[in-house]
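Right, one structure below, let's go through it.
The values are calculated or read from the model by the stated rules, or taken from the named source; none is laboratory data. Note that the structure is predicted; figures quoted are calculated from it, not measured. Virtual Cβ from ideal backbone geometry, glycine too; neighbours counted across all protein chains shown.
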There are 2 protein chains.
Amino acid sequence: MRKPRLMTPGPAPVPEEVLLELARPVIHHRSAEAKAVITEVAAGLKEVLQTQNDVMILTASGTGAMEAAAVNTVPPGSKALVLNAGHFAARWADICKAFGINAVSLDTEWGQPVDPTQVANALKQHPDTVCVMGTLSETSTGTGHPVEAIGKVVAATDAVFAVDGISGVGAMECRTDAWGIDILCVGSQKALMLPPGLAFVSVSPKAWAKIDAFESHSFYFNLKSARKKMKEFDTPFTPAHTLILALRASLKRIKEEGIENVWNRHKRMSDACQAGVQALGLELFSARPAEGLTAFRVPQGFKDSDIRNRLVERFGITTVGGQGKLKGQIVRVGHMGYTDEIDVVAGLAALEMVLSDLGFDIEPGCAVTAAQQVLIGQKTVASR
Amino acid sequence: MRKPRLMTPGPAPVPEEVLLELARPVIHHRSAEAKAVITEVAAGLKEVLQTQNDVMILTASGTGAMEAAAVNTVPPGSKALVLNAGHFAARWADICKAFGINAVSLDTEWGQPVDPTQVANALKQHPDTVCVMGTLSETSTGTGHPVEAIGKVVAATDAVFAVDGISGVGAMECRTDAWGIDILCVGSQKALMLPPGLAFVSVSPKAWAKIDAFESHSFYFNLKSARKKMKEFDTPFTPAHTLILALRASLKRIKEEGIENVWNRHKRMSDACQAGVQALGLELFSARPAEGLTAFRVPQGFKDSDIRNRLVERFGITTVGGQGKLKGQIVRVGHMGYTDEIDVVAGLAALEMVLSDLGFDIEPGCAVTAAQQVLIGQKTVASR
């Protein structure tokens with residue numbers, strides 16, 4: 001028997017009652033019922049994103065939300081500052097390139113957090129920057145960036161701050177309005193506990209001013225059209241509205257738990273996972289771990305694929321390896337969304353056994369014990 | 001008791017076993033299992049589209065596929081000929097405008113089919129046309145356009161032929177390769193019997209030559225990236241892959257019935273619906289009806305909303321009214337995808353009763369009888 005356990009940093013597990021929503025007969029997307037659902041999820045999204053800004057629903061992967069943020073805000077030839085610290089941050093630069101946006105790249109070593117002082121310096125050097133493009137949780141390295149501090153820096157300038165919160169929102173504290181995030185991009189398949197297919201974008205008045213100042217080359221991802229329709233609780237084009245129905249169910253769950261409790265749960269899972277991994281003598285990859293996933297270096301003499309394949313074969317646990325230049329060097333374990341503390345403990349127990357099978361010298365129970373010590377409050381993890 | 005019956009021209013009803021696929025636990029989209037599913041659906045889509053061309057899977061509404069077709073094929077400032085005969089054909093022109101494509105509009109009265117001779121003349125007048133943008137089934141008017149004949153005209157020129165097949169493919173005969181359709185755009189929520197959220201684009205070698213000749217301003221909808229990934233049975237960005245799993249189930253159904261039988265079933269449903277509507281003394285809106293929906297004019301002295309609301313209230317039947325300049329003037333009844341002949345007969349019976357309730361002078365059973373006469377072969381409908 002193999003029981004599947006999804007421990008990837010997106011897609012993340014989806015609660016059973018949310019999955020069942022998807023199996024309901026399809027309704028018409030312009031009906032009163034559909035509008036009522038959008039009205040309800042619009043309010044729920046604002047709560048999760050901690051914002052009073054408009055939140056638009058796009059039928060797309062999270063990348064679609066990033067494209068929408070970039071092309072609607074920065075005219076071709078104008079300047080964007082990309083906080084380039086990983087595979088997904090680099091996507092901002094790729095999007096800029098495709099649309100003729102002049103992207104200045106502020107490079108940070110992968111696994112290190114972006115330094116707000118460097119952002120301030122870069123903005124002094126490039127005062128004509130229209131948009132700073134950053135990341136809340138860099139999924140490729142498992143790093144959480146200091147978005148609050150960066151937001152303060154950007155807020156003091158004319159630039160707007162666009163944040164890829166795809167694997168971060170719901171998995172770690174993120175206060176859109178309080179932190180000065182002008183545009184926040186979110187995906188459905190991470191901590192929002194849905195399958196992939198929807199993306200969300202919140203837009204501040206400061207960002208709308210930039211967006212309204214020019215006609216962007218965009219149609220499907222035109223945020224002005226999306227804003228107009230969202231005011232009527234509608235979308236410009238047929239949305240993936242069975243996913244919107246499912247979103248209502250997952251937002252209901254988040255509301256019941258409370259968004260701060262959701263963040264705290266992810267913080268505990270992250271702390272426990274880190275403690276467990278380190279108790280095994282493994283090295284964390286990130287200097288400032290994100291809270292929805294844990295990335296550790298593949299121990300010398302081992303292959304990441306051996307560890308990951310054995311986790312799948314023996315325990316049905318899916319994890320992911322490194323991307324781009326980190327291929328083969330790290331293993332990334334997701335603990336976001338519909339995941340609880342015991343899932344993390346079980347995952348660590350599996351990791352212990354798999355490493356033991358592969359000949360790695362481990363003491364059975366050491367990772368589990370370390371995680372439990374964190375979870376019962378006997379041990380704390382250095383705060384960030 | 002109100003039993004919901006979706007008779008809209010998209011979204012269309014989804015078979016129960018396809019809905020249940022959506023309720024399965026989420027898998028990882030880069031797993032061997034996910035690749036195997038894409039391999040299978042890629043073959044199935046080619047069969048449904050009757051093509052040997054590449055077929056790409058996009059996570060978007062059908063409009064996303066139209067945008068992909070336009071921006072990847074026609075450089076800004078170059079010319080496109082839009083066969084403008086309805087609300088959705090006009091979307092081609094809107095997309096061109098957004099991306100700086102010079103759209104020449106060949107206008108046809110709404111409800112009339114595009115005339116292939118006029119297309120030939122327009123192409124003579126505009127020999128620098130890069131792409132002709134047409135429609136298989138114009139959902140706003142219920143008109144099926146003579147795509148085969150237009151395809152012959154375009155094939156004799158340097159232009160490529162892009163067709164919006166969103167509400168047409170699977171609901172009426174469409175032979176991509178034999179008819180010279182270079183780019184075919186398809187949506188998931190119509191005759192392919194899925195919820196909305198996926199779109200498909202097939203691209204011919206003639207179209208790839210245009211696409212490869214320049215760097216388009218596109219990222220999320222970049223067809224070159226999509227082609228590259230599709231060769232590995234993968235997608236550039238996280239796809240809505242629970243919908244892809246469901247697609248496998250709906251394609252299995254289509255394969256079992258046989259695509260020609262699927263077309264024939266839709267032809268019979270369309271003929272029966274037309275016969276029934278006409279037996280009630282109602283006037284068909286289109287001079288060349290599409291086969292996935294029937295549009296009829298609202299009879300003098302009646303309001304479309306009264307008819308449609310009563311259909312919902314009394315029988316749970318959802319239909320749609322007119323769009324744009326046809327608002328209030330027509331009612332559109334969908335009969336596509338997971339819909340059979342008896343659904344159409346039942347819909348006509350409901351329409352009879354609703355019209356009677358509203359004081360319209362009808363003879364009970366007349367629409368049903370006319371439809372049955374068509375379905376048992378006693379009566380034929382003038383072929384197009």
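Scan region B:214-230 for residues that are in contact (Cβ under 8 Å) with a residue 24 or more places away in the chain and either more than 10 Å from chain A (Cβ to nearest Cβ) or over 30 Å from B:Ala23 (Cβ atoms) (or both) and the total you get is 10. Against the numbered list (1) under 17 Å from A:Ala60 (Cα atoms); (2) surrounded by fewer than 20 Cβ atoms within 10 Å (Cβ to Cβ), A:Lys231 comes up short only at (1).
Taken over region B:1-38, residues that are assigned to a loop (DSSP other than H, G, I, E, B), among the charged types (D, E, K, R) and closer than 19 Å to A:Ala246 by Cβ amount to 1. If you go through region B:62-80 and keep only what is over 28 Å from B:Leu192 (Cα atoms) and touching a helix residue (DSSP H, G or I) at 6+ places or on another chain (Cβ under 7 Å), you end up with just B:Ala80. Among the candidates B:Ile166, B:Ile150, the residue that is of a type in the set (Val, Ile, Thr) and part of a loop (DSSP other than H, G, I, E, B) is uniquely B:Ile166. In the set (1) more than 12 Å from chain A (Cβ to nearest Cβ); (2) within 27 Å of B:Thr242 (Cβ to Cβ), B:Lys79 fails one condition alone, (2).
Within region B:182-213, the only residue that satisfies the criterion of being at positive phi and either more than 10 Å from chain A (Cβ to nearest Cβ) or not aliphatic (A, V, I, L, M) (or both) is B:Gly197.
Would you please name the residue that is surrounded by the most Cβ atoms within 10 Å (Cβ to Cβ), looking only at residues in region A:350-384 that are over 28 Å from the mean Cα position of the chain (by Cα), part of a loop (DSSP other than H, G, I, E, B) and not polar (S, T, N, Q)? Top of the filtered list is A:Ile362. Working carefully through the options A:Ala249, A:Ala275, A:Ala226, find the one that is hydrophobic (A, V, I, L, M, F, W, C) and more than 30 Å from B:Pro195 (Cα to Cα). The match here is A:Ala275.
Candidates are the residues of region A:39-62 that are in a helix (DSSP H, G or I) and of a type in the set (A, V, I, L, M, F, W, C); the one that is farthest from the other protein chains (Cβ to nearest Cβ) is A:Ala43. Being surrounded by fewer than 24 Cβ atoms within 10 Å (Cβ to Cβ) and in contact with a helix residue (DSSP H, G or I) (Cβ under 9 Å, 6 or more places away or on another chain) is the filter; apply it to region A:5-18 and report the residue that is nearest to the other protein chains (Cβ to nearest Cβ). Looking at the filtered set, the residue picked out is A:Pro13. Taking the listed residues A:Asn84, A:Asn72, the one that is under 18 Å from A:Ile181 (Cα atoms), within 14 Å of chain B (Cβ to nearest Cβ), polar (S, T, N, Q) and buried (at least 21 other Cβ atoms within 10 Å of the Cβ) is A:Asn72, with no other qualifying. The set of residues from region B:253-308 being aliphatic (A, V, I, L, M), closer than 16 Å to B:Thr8 by Cα and assigned to a loop (DSSP other than H, G, I, E, B) comprises just one member, B:Ala290.
Checking region B:76-83 against the condition returns no match, with no residue being at pLDDT 95 or above, of a type in the set (D, E, K, R) and under 22 Å from the mean Cα position of the chain (by Cα). Looking at region A:35-47, can you tell me whether even one residue there is in contact with a strand residue (DSSP E or B) (Cβ under 8 Å, 6 or more places away or on another chain), among the small types (Gly, Ala, Ser) and crowded, with 20+ Cβ neighbours inside 10 Å? No, there is no match, as no residue in region A:35-47 is in contact with a strand residue (DSSP E or B) (Cβ under 8 Å, 6 or more places away or on another chain), among the small types (Gly, Ala, Ser) and crowded, with 20+ Cβ neighbours inside 10 Å. With the requirement that a residue be within 24 Å of the chain's Cα centre (by Cα) and among the small types (Gly, Ala, Ser), what does region B:15-57 give you? If the condition is that a residue be within 24 Å of the chain's Cα centre (by Cα) and among the small types (Gly, Ala, Ser), then B:Ala42, B:Ala43, B:Gly44 are the ones that fit. Taken over region B:342-384, the criterion of being modelled with pLDDT of 95 or more and closer than 24 Å to B:Gly187 by Cβ is satisfied by B:Asp343, B:Val344, B:Gly347.
Can you tell me which residue in region A:197-223 is farthest from B:His29 (Cα to Cα), limited to those that are aromatic (Phe, Trp, Tyr) and assigned to a loop (DSSP other than H, G, I, E, B)?
Within region A:197-223, the match that is farthest from B:His29 (Cα to Cα) is A:Phe214.
Scanning region A:91-119 for residues that are within 14 Å of another protein chain (Cβ to nearest Cβ), in contact with a helix residue (DSSP H, G or I) (Cβ under 8 Å, 6 or more places away or on another chain) and outside any loop (DSSP other than H, G, I, E, B) yields A:Arg91, A:Trp92, A:Ile95, A:Cys96, A:Ala103.
Just wondering, is there one or more residues in region A:5-26 that are under 20 Å from A:Ser202 (Cα atoms), in contact (Cβ under 8 Å) with a residue 12 or more places away in the chain and not acidic (Asp, Glu)? No, region A:5-26 contains no residue that is under 20 Å from A:Ser202 (Cα atoms), in contact (Cβ under 8 Å) with a residue 12 or more places away in the chain and not acidic (Asp, Glu). When region A:152-176 is filtered for residues that are over 26 Å from A:Met269 (Cα atoms), surrounded by fewer than 24 Cβ atoms within 10 Å (Cβ to Cβ) and not aliphatic (A, V, I, L, M), the ones remaining, listed by number, are A:Lys152, A:Thr157, A:Asp158.
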